[in-house]
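What follows is a set of notes on a single structure, which appears directly below.
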Amino acid sequence: MKSLLNLLFLLFFVIIHSKVYKPCDFARIMKRSEMDGYRGFSLENWMCLAQHESSFNTGVVTYHRGHQSTSYGIFQINSRHWCNDGKTLKAVNACGIPCSVLLQDDITEAITCAKKVVSDLEGIRAWRAWRAKCENRDVTKYLQNCRV
């Protein structure tokens with residue numbers, strides 16, 4: 001019961017304190033962070049990924065019952081491999097960060113970790129939403145009307 005109350009408190013905190021980026025604002029941050037072309041993936045691909053993973057919302061937390069892990073933040077970075085949430089068994093924490101930093105309005109740490117994820121063997125294909133919604137599709141629409 002205490003665990004459930006802690007989870008509800010965390011979700012309440014995240015809902016109140018999360019930031020939903022406007023797509024063009026997110027694109028400008030990604031461009032400044034040198035994500036356009038990073039590991040061969042265009043800014044449009046990153047936009048598509050963030051749209052379908054979190055709708056540009058820093059506060060999204062998704063629990064995966066099947067493999068008992070949780071994905072966090074604007075990129076939905078998973079606790080099994082990339083961050084430490086203190087509850088995922090056999091977590092690797094390849095980004096060397098607590099998962100809570102992925103929920104911050106400032107997405108600098110999330111971008112740094114996303115760069116590590118995409119540098120892995122699977123690349124951007126590590127994100128299921130990218131494979132399902134972006135791969136082999138026209139993603140140019142994600143930067144329409146954005147001056148970046």
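The values are calculated or read from the model by the stated rules, or taken from the named source; none is laboratory data. Keep in mind it's a predicted model, so treat the numbers as computed, not measured. No Cβ is skipped: glycine too gets one built from the backbone with ideal geometry, and neighbour counts run over all protein chains shown. Only protein heavy atoms, including side chains, enter the accessible area calculation; ligands, DNA and RNA are left aside. Shrake-Rupley method; radii C 1.70, N 1.55, O 1.52, S 1.80 Å.
Summary of values
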{"quantity": "Filter result (under 14 Å from Ile74 (Cβ atoms), modelled with pLDDT of 95 or more and either part of a helix (DSSP H, G or I) or open to solvent by 60 Å² or more (accessible area, probe 1.4 Å) (or both)) within the range 1-27", "calculated": "Lys19, Val20, Lys22, Pro23, Asp25, Phe26, Ala27"}
{"quantity": "Output for the range 91-120, where each listed residue is assigned to a helix (DSSP H, G or I), farther than 16 Å from Asn57 by Cβ and among the hydrophobic types (A, V, I, L, M, F, W, C)", "calculated": "Cys113, Val117, Val118"}
{"quantity": "Residue identified as loosely packed, with under 13 Cβ neighbours inside 10 Å and modelled with pLDDT of 95 or more among Gly96, Gly59, Gly66, Gly73", "calculated": "Gly96"}
{"quantity": "Answer residue from the range 131-148, given it is of a type in the set (Val, Ile, Thr) and assigned to a loop (DSSP other than H, G, I, E, B) and is modelled with the lowest pLDDT among those", "calculated": "Val148"}
{"quantity": "Among (1) crowded, with 22+ Cβ neighbours inside 10 Å; (2) touching a strand residue (DSSP E or B) at 6+ places or on another chain (Cβ under 8 Å), the one test that Lys115 misses", "calculated": "(1)"}
{"quantity": "Residue under evaluation Asn145, criteria (1) in contact with a strand residue (DSSP E or B) (Cβ under 7 Å, 6 or more places away or on another chain); (2) at positive phi, criterion not met", "calculated": "(1)"}
{"quantity": "Boolean, Arg80 is more than 11 Å from the chain's Cα centre (by Cα), open to solvent by 70 Å² or more (accessible area, probe 1.4 Å) and not hydrophobic (A, V, I, L, M, F, W, C)", "calculated": "no"}
